[in-house]
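S.K.: Below is a structure I'd like to ask you about.
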Amino acid sequence: MSAAAGAASPGSASPAHPTSGLDDRVHQRHRLGVLTITAEAERADFGYLREALGLTPGNLSRHLTVLEEAGLVQVEKGYEGRRPRTWVRITRPGRSALAAEIATLSELVRRLDSG
Amino acid sequence: MSEDTNGPGAAADPAGGARQDAGTSADPDAQPGELLSELAVLRRRVRAARHAYWFPLALFGLIGCGTIPFYLAGSQRAPTSGVFIARGDIPALPVVTPGAAGLAGAPVSSVLLGFYWLLALVGGFLVMTAWYRRHARRAGVTSAARGAASTGIILTTLVLVLWPVSRLQPGWPGVLFPWFLTIHGMFPFLIVGVSLFVLARAERSWGLAGIAVLFLAAALVACSYDVENVIGRLGYFSGAPWFSVLPNLALPVGVLLLSAAAVLGGRRWQAAR
């Protein structure tokens, strides 16, 4: 869903549809899940994200790459003892993007409920 | 649960396409309401996995229990007149013994008790930090508990520094140091109470915030009131030295230990369901 998809045409007085506020990078169930988990915790482990979202390592990795390239999460790789460990932390833009997405979804629900 | 299986950069699973394609909005049919509900469930699950505050409650409750011999020893000691000091040669918190205060009307500092509290508070906050690190490794999600530990250590250091400074000039103690909170010898619990509030914010837990309010109220009563009076009005009285100490101590310690037991019990009960 493009960010401009639902925007009102130039000259139109009608307000933009809420879907115009949806961000393609965020409006995806699993990427929203990653942002929600990392917003709730200070940081989340790769293994935790994979299990909580029911994803394969490869798929989660691709979602994280999208979010990281958009500057919405930070990925920290390290070791605990001899075990590799990857932690994911949400960034400030990530929090803003998540809040905007939740607000848009809530507005859509409100519109659907009001018919 | 939380082993690192490759991490970002891992090759895509050949069967991954059967699960979800990461490159597209894979759920065009998802209703906004349904999506919001899923996210709420996810948030609750993460919060439940992250919460680990039963341990600091139990830890500081046990630390409180550890003071009993020191308070009892202090309450049995004959008070020296009008002395209200912490000895300068040992770094100790200015903790006085309630029994001595009650008997003489002039509180007596207990250096050993102050020293115990100093070590126990600093050690307790460090152990708390280590506990949260361990919990994060096991659960896979972390809470920012360092702030609570730092708050506790900073407050302890402030008291340690302000106490001797406040005695440099007559009239300063009331300004620099709330000495009236020390006369029942329980004020270290206030430091624990404040850091529990900070921990509640880090844990985003209304439950812990409620416990912190209850605990701080209990600690304030223990700091400023002779709890033995209440027990006396209920019909029991003892002239033994412990009677002037243990009721005040039991109040904050009881709140901590009972809360820890309730929180841990609740977690186990939920896990068993």
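Taken together, the values in this text are just the output of simple stated rules run on the coordinates, not laboratory data. This one's a predicted model, so the numbers in the text were calculated from it and none came from an experiment. Quick reminder, even Gly has a Cβ in these numbers, built from the backbone with ideal geometry, and neighbours come from all protein chains shown.
S.K.: When B:Val46, B:Val192 are ordered from fewest to most other Cβ atoms inside 10 Å of their Cβ, what list results?
M.R.: Result, fewest neighbours first: B:Val46, B:Val192.
S.K.: For the stretch A:34-113, what relative contact order do you get, as a whole percent, if you take Cα pairs closer than 8 Å and at least 6 residues apart?
M.R.: So the answer I get is 32 percent.
S.K.: Taking every residue in A:71-83, how many Cβ atoms of other protein chains lie within 10 Å of its Cβ, on average?
M.R.: Taking all residues of A:71-83 together, the mean is 1.
S.K.: Neighbour counts of other C-beta atoms within 10 Å: give me B:Met128, B:Met186 arranged from fewest to most.
M.R.: Arranged by neighbour count, lowest to highest, B:Met128, B:Met186 become B:Met128, B:Met186.
S.K.: May I pose another question? May I have the convex hull volume per residue, in Å³, for the Cα set of the stretch A:15-115?
M.R.: With only Cα atoms used, the stretch A:15-115 gives 104 Å³ per residue.
S.K.: Something else now. From the phi of every residue in the stretch A:50-56, what ³J(HN,Hα) in whole Hz does the Karplus formula 6.51 cos²θ - 1.76 cosθ + 1.60 yield, where θ is phi - 60° and glycine or proline is x?
M.R.: Each residue's phi maps through the Karplus curve to give 4, 6, 5, 9, x, 10, 7 Hz.
S.K.: Order of B:Glu203, A:Glu76, B:Glu34 from fewest to most other C-beta atoms within 10 Å?
M.R.: Fewest-to-most ranking of B:Glu203, A:Glu76, B:Glu34: A:Glu76, B:Glu34, B:Glu203.
S.K.: Which whole-Hz couplings ³J(HN,Hα) result when phi for each residue of the stretch A:101-106 is put into the Karplus expression 6.51 cos²θ - 1.76 cosθ + 1.60, θ = phi - 60°, listed in order with x for Gly and Pro?
M.R.: Listing the rounded values in order: 5, 5, 5, 5, 4, 5 Hz.
S.K.: Related question: Residue by residue through B:130-142, how many Cβ atoms from other chains fall within 10 Å of the Cβ on average?
M.R.: 4
S.K.: Per-residue Cβ counts within 10 Å, from other chains only, averaged over B:35-46: what number is that?
M.R.: 5
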